[in-house]
1. I'd like to know if the range 62-78 contains one or more residues that are surrounded by 14 or more Cβ atoms within 10 Å (Cβ to Cβ), more than 18 Å from the chain's Cα centre (by Cα) and modelled with pLDDT of 85 or more.
2. Can you say whether C50 is surrounded by 10 or more Cβ atoms within 10 Å (Cβ to Cβ), at pLDDT 85 or above and not acidic (D, E), as far as the supplied structure shows?
3. State all residues of the range 78-93 that are assigned to a strand (DSSP E or B) and touching a residue at least 24 places away in the same chain (Cβ under 8 Å); if no residue qualifies, say none.
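The values are calculated or read from the model by the stated rules, or taken from the named source; none is laboratory data. Please read all numbers here as calculations on a predicted model, not as lab measurements. Please note: Cβ atoms are built from the backbone with ideal geometry, for glycine as well, and neighbour counts cover all protein chains shown.
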Amino acid sequence: MVIANTKERSGCGWFIAGCLLGPFALVVAALPSLKKTPQSTLSTEGYVPCPECRELVHPQAKKCKHCGSELLPQDPTKKPCGSCKRLVSINEEYCPVCGYNLGAGPMP
């Protein structure tokens, strides 16, 4: 009101306008903080590692979207190693590549 009077404007009018428009300005200023934060975009559950680049791909994929290598159909007799992610036979006790104990952890 004081600033409006010093600029030869109606101080009372600007005070009333400020009282009416002030709450609206606060709501508009708060809107960006009310936006939803994006949820996790992808779940890795059910995905399998690519045998070439080790990136996770859909189990039904025929080609890796990361490295472009051809993917073989999933073999139910194989599973990924817990350490190097190479596919090994489900009957193997240790990974033939890195020596990871497929039942309990790394080899002693």
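1. To start, the set of residues in the range 62-78 that are surrounded by 14 or more Cβ atoms within 10 Å (Cβ to Cβ) comprises 64, 71, 78.
Then drop every residue that is not more than 18 Å from the chain's Cα centre (by Cα), which leaves 64, 71, 78.
Then drop every residue that is not modelled with pLDDT of 85 or more, which leaves 64.
Yes, the range 62-78 contains at least one residue that is surrounded by 14 or more Cβ atoms within 10 Å (Cβ to Cβ), more than 18 Å from the chain's Cα centre (by Cα) and modelled with pLDDT of 85 or more.
2. On the way: surrounded by 10 or more Cβ atoms within 10 Å (Cβ to Cβ): yes; at pLDDT 85 or above: yes; not acidic (D, E): yes.
When the stated conditions are applied, C50 passes them.
3. P80, L87
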